[in-house]
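One structure follows; several queries about it will come next.
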Amino acid sequence: MADTVQDQQEQPAQQPTYTRRRRTPTPPPPDPYAILDEDESAPLYVPLKQRRAQLVSKLAAKGTGGAAAAAEKRKREELEEEEKERERDEEEARRKKREAQTLLMEAQEVKRQKAIEESAKTEQQKREEEEAKILAAQEATRKKLAGAEEVAKGIVYTERMKATWRPPHYIRGKSEEELEAIRDKFHILVSGDDIPPPIPNFRDMKLPKPLLEYLKKKKISAPTPIQLQGLPVAFSGRDMIGIAFTGSGKTLAFSLPLLMLALEEEKRLPFMQGEGPVGIIMCPSRELARQTFEGLNEMARCLEQGGYPQVRSLLCIGGISMAEQGQTLANGFHMVVATPGRLQDMLEKRKFTLNQCKYLCMDEADRMIDMGFEEDVRNILSFFKHQRQTLLFSATMPKRIQDFAQSALVQPILVNVGRAGAASLNIIQEVEYVKQEAKMVYLLECLQKTAPPVIIFSDNKNEVDDIQEYLLLKGVEAVAIHGSKTQEEREYAIKSFKSGKKDVMVASGVASKGLDFSEIQHVINFTMPKEIEDYTHQIGRTGRGDKTGIATTFINMQTPEQTLLDLKYLLMEAKQKVPPFLLSIEDPNVGADGKPIGCTNCGGLGHTIRNCPKLEENQRRTMAGIGRGGDSGGGGW
Ligand code: ADP
Ligand code: MG
């Protein structure tokens with residue numbers, strides 16, 4: 001195409017030459033001395049200059065002289081002069097043409113480059129635009145994460161909460177570079193304004209002595225990364241999003257600040273009947289709520305024994321009778337650990353109010369905000385009468401949720417240890433190809449890998465029951481837990497498994513989030529979960545604190561390819577051995593840099609939002625008008 005343009009351009013460039021040529025209208029007169037015979041053998045085209053030279057030499061040879069010769073000479077000189085002038089003109093035209101051509105070509109080259117870039121960019125842009133559209137369509141249906149009254153009255157909190165806690169003087173004196181160096185050392189990423197300093201030991205956090213002793217007794221000697229940055233942020237009264245690996249001690253990072261707040265309030269004015277709470281921790285499952293509640297109680301007891309005032313907490317979960325906690329309800333309480341369903345119920349029945357509540361933490365927050373739980377959370381928010389400190393914690397927190405959560409937070413600080421959704425590095429992850437029909441038999445063999453306790457996950461309630469039955473038949477001490485079991489059955493399962501009476505627990509998603517059975521040696525994913533975040537949480541039941549653990553996952557032809565891709569990237573990221581059958585799966589969605597694009601909807605790296613299994617599942621559920629509760633999520637709150 002470039003050539004055509006060039007050809008077209010050549011013509012106007014030559015035109016001046018022709019115009020000027022007209023100044024030599026008279027061709028030389030017929031030559032009386034032409035030597036035709038010789039010319040015949042000559043080549044068809046002889047340049048003019050040469051022809052003239054030939055003529056001159058021929059004339060000279062014929063000995064013509066006198067006036068004719070002089071006239072001839074003059075004519076020749078004139079012709080030569082004209083010839084020279086024409087050559088000069090041609091040269092000039094050529095130069096101009098060359099110049100024009102270079103500029104033109106340059107322009108074309110630039111254009112061509114741009115077109116190439118654009119076509120490459122459009123690919124990416126197109127993809128980004130499309131993904132943004134999908135995300136926007138999702139978000140369009142989303143209301144602000146705030147209480148109805150706040151939304152209605154247009155109440156927007158802009159000021160941070162005030163807190164009395166201050167970092168110790170010597171830490172306040174540290175330069176920003178020194179603080180950044182500490183964060184770097186522990187791989188902590190932070191964002192937000194006026195971020196409180198990281199504090200690498202508990203003593204400097206000004207914890208009461210009995211609490212320091214409690215931690216020591218628990219062999220918790222130094223704060224984990226999420227704690228050493230998250231605790232100062234939370235103690236300072238700041239809103240935050242905390243993201244850290246499974247088993248990295250997030251519970252302590254939000255329990256201690258609540259406990260301190262409770263203590264402070266109680267010291268100021270003792271709590272009486274009908275008063276409280278000052279803070280709430282919400283969890284996506286009953287089991288997790290109970291675990292957190294027990295941790296809080298243990299710490300509260302230590303404080304009391306150490307001469308501090310008594311602070312009380314209330315467990316507010318479905319499936320239990322609140323009458324058991326009549327005493328706590330009667331005396332007033334400082335803290336509530338709850339699942340949203342029961343909490344909402346209690347608030348609606350006016351069993352207590354949130355008038356004094358200043359602190360709201362959501363553990364496994366992405367699960368809570370996610371489909372189905374969101375309305376409950378919003379409803380609970382509407383019971384708040386004033387601003388509160390809001391904290392969100394999880395090991396998985398896709399960008400979508402982070403963005404959405406911002407609407408509930410005031411000048412939040414993001415504390416991020418490792419990529420959101422990345423697996424804990426304390427876990428050895430093994431992936432095995434096991435045919436569907438061979439799974440049960442292979443499971444027995446697999447159980448030999450480690451000593452008990454072992455937890456086996458399946459995303460199907462019936463399969464959970466089948467596995468338990470099979471194991472019992474084979475003489476393995478196994479319990480089972482899933483959303484369709486009664487609360488007693490669930491609690492019995494957890495208790496007997498935690499206490500070591502049973503070796504194996506077969507579980508559906510219910511038990512996958514947040515539960516801390518510190519001794520678990522081995523997690524077996526009987527079926528690879530469709531959503532990679534579930535995988536991260538499930539294998540995260542082992543390798544807790546500073547212990548290591550093994551996770552074995554069965555995959556086969558029935559595992560969707562993009563799930564396998566998600567898994568492949570997760571393994572690579574955690575520097576695990578990637579089996580050849582996973583390595584051989586090609587990723588159709590790599591970016592220009594050869595790296596996976598990843599999904600903005602969930603934490604998966606092996607797909608984009610366009611084929612996100614979570615999005616599909618959510619849409620399916622929305623269409624069917626069902627929440628996420630039941631078995632895969634909250635497990636009936
Ligand atoms: P996460 O919620 O991040 O998954 P948890 O808060 O349940 O993790 O803590 C996992 C385990 O680590 C718990 O058994 C807890 O007692 C232990 N743990 C918490 N903090 C520390 C610490 N600073 N050092 C050692 N172990 C800790
Ligand atoms: Mg947890």
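The values are calculated or read from the model by the stated rules, or taken from the named source; none is laboratory data. Everything quoted here is computed from the prediction, not taken from an experiment. Here Cβ is always computed from backbone atoms with ideal geometry, including for glycine, and neighbour counts include all displayed protein chains. These area figures cover heavy atoms from the full protein model, side chains too; ligands, DNA and RNA do not enter into them. Shrake-Rupley method; radii C 1.70, N 1.55, O 1.52, S 1.80 Å.
Take segment 466-485 and flag every residue that is in contact (Cβ under 8 Å) with a residue 24 or more places away in the chain and open to solvent by less than 60 Å² (accessible area, probe 1.4 Å).
467, 468, 470, 471, 476, 478, 479, 480, 481, 482, 483
Residue 237: of a type in the set (Gly, Ala, Ser) and within 16 Å of ligand 1 (Cβ to nearest atom), yes or no?
no
Same structure, new question: Hey, does segment 152-166 have a residue that's farther than 28 Å from residue 386 by Cα, more than 16 Å from ligand 2 (Cβ to nearest atom) and of a type in the set (A, V, I, L, M)?
Filtering segment 152-166 for residues farther than 28 Å from residue 386 by Cα gives none.
For segment 152-166, residues farther than 28 Å from residue 386 by Cα, more than 16 Å from ligand 2 (Cβ to nearest atom) and of a type in the set (A, V, I, L, M): absent.
Restricting attention to segment 302-323, report how many residues are under 16 Å from residue 252 (Cα atoms), away from ligand 1 (no atom under 16 Å from the Cβ) and part of a helix (DSSP H, G or I). It would help to see each step written out before you state the result.
Step one: of segment 302-323, the residues under 16 Å from residue 252 (Cα atoms) are 302-303, 313.
Still in the running and away from ligand 1 (no atom under 16 Å from the Cβ): 303, 313.
Filter again for part of a helix (DSSP H, G or I), leaving 303.
Residues meeting the conditions: 1.
In segment 414-425, which residues are open to solvent by 50 Å² or more (accessible area, probe 1.4 Å) and either within 23 Å of residue 521 (Cβ to Cβ) or without any contact (Cβ under 8 Å) to a residue 60 or more places away in the chain (or both)?
425
Enumerate the pairs (first residue in segment 290-301 and closer than 11 Å to residue 312 by Cα; second residue anywhere and within 13 Å of ligand 1 (Cβ to nearest atom) and open to solvent by 10 Å² or more (accessible area, probe 1.4 Å)) with beta-carbon separation below 7 Å, excluding pairs fewer than 6 apart on the same chain, so at least 6 apart or on different chains.
299/214
Still on this structure, I have one more. Inspect all residues belonging to segment 506-518 and state whether any of them is in the same structural domain as residue 604 (by TED's automatic domain parsing), open to solvent by less than 10 Å² (accessible area, probe 1.4 Å) and over 26 Å from the mean Cα position of the chain (by Cα).
Within segment 506-518, one or more residues are in the same structural domain as residue 604 (by TED's automatic domain parsing), open to solvent by less than 10 Å² (accessible area, probe 1.4 Å) and over 26 Å from the mean Cα position of the chain (by Cα).
Then there is this: Of everything in segment 210-226 that's of a type in the set (Ser, Thr, Tyr) and in contact (Cβ under 8 Å) with a residue 12 or more places away in the chain, which residue is nearest to ligand 1 (Cβ to nearest atom)?
224
Residue by residue through segment 189-246, note down the ones that are surrounded by 24 or more Cβ atoms within 10 Å (Cβ to Cβ) and small (Gly, Ala, Ser).
230, 234, 242, 244
Among the residues of segment 509-520, are any more than 25 Å from residue 397 (Cβ to Cβ), at pLDDT below 95 and within 16 Å of ligand 1 (Cβ to nearest atom)?
Yes: segment 509-520 contains one or more residues that are more than 25 Å from residue 397 (Cβ to Cβ), at pLDDT below 95 and within 16 Å of ligand 1 (Cβ to nearest atom).
Test each condition in (1) without any contact (Cβ under 8 Å) to a residue 60 or more places away in the chain; (2) closer than 30 Å to residue 612 by Cα for residue 488 and report the one that comes out false.
(2)
Can you give me the number of residues within segment 263-301 that are part of a loop (DSSP other than H, G, I, E, B) and either hydroxyl-bearing (Ser, Thr, Tyr) or in contact with an Asp or Glu (Cβ under 6 Å, 6 or more places away or on another chain) (or both)?
Residues meeting the conditions: 4.
Within segment 433-451, does at least one residue satisfy the condition of being buried (at least 21 other Cβ atoms within 10 Å of the Cβ), touching a residue at least 12 places away in the same chain (Cβ under 8 Å) and touching a Phe, Trp or Tyr at 6+ places or on another chain (Cβ under 8 Å)?
Yes, some residue in segment 433-451 is buried (at least 21 other Cβ atoms within 10 Å of the Cβ), touching a residue at least 12 places away in the same chain (Cβ under 8 Å) and touching a Phe, Trp or Tyr at 6+ places or on another chain (Cβ under 8 Å).
Before we move on, is residue 258 within 16 Å of ligand 2 (Cβ to nearest atom) and either assigned by TED's automatic domain parsing to the domain that holds residue 178 or surrounded by fewer than 24 Cβ atoms within 10 Å (Cβ to Cβ) (or both)?
Taking the combined requirement at face value, the residue satisfies it.
Still on this structure, please answer the following. Report the residue count in segment 392-410 for those that are touching a Ser or Thr at 6+ places or on another chain (Cβ under 8 Å) and surrounded by fewer than 22 Cβ atoms within 10 Å (Cβ to Cβ).
Total satisfying the criteria: 3.
Yes/no matrix, rows are residues, columns are (1) closer than 22 Å to residue 386 by Cβ; (2) assigned by TED's automatic domain parsing to the domain that holds residue 487; (3) out of contact with any His (no Cβ under 9 Å at 6 or more places or on another chain):
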{"residue": "268", "(1), (2), (3)": "yes, no, yes"}
{"residue": "290", "(1), (2), (3)": "no, no, yes"}
{"residue": "308", "(1), (2), (3)": "no, no, yes"}
{"residue": "311", "(1), (2), (3)": "yes, no, no"}
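Would a scan of segment 150-169 turn up a residue that is at pLDDT 90 or above, of a type outside the set (A, V, I, L, M, F, W, C) and surrounded by 14 or more Cβ atoms within 10 Å (Cβ to Cβ)? Quick ask: steps written out before the conclusion?
Going residue by residue through segment 150-169, those that are at pLDDT 90 or above are 165-169.
If we keep only those that are of a type outside the set (A, V, I, L, M, F, W, C) too, we end up with 166-169.
With the extra rule that they be surrounded by 14 or more Cβ atoms within 10 Å (Cβ to Cβ), the set shrinks to 167.
Yes: one or more hits.
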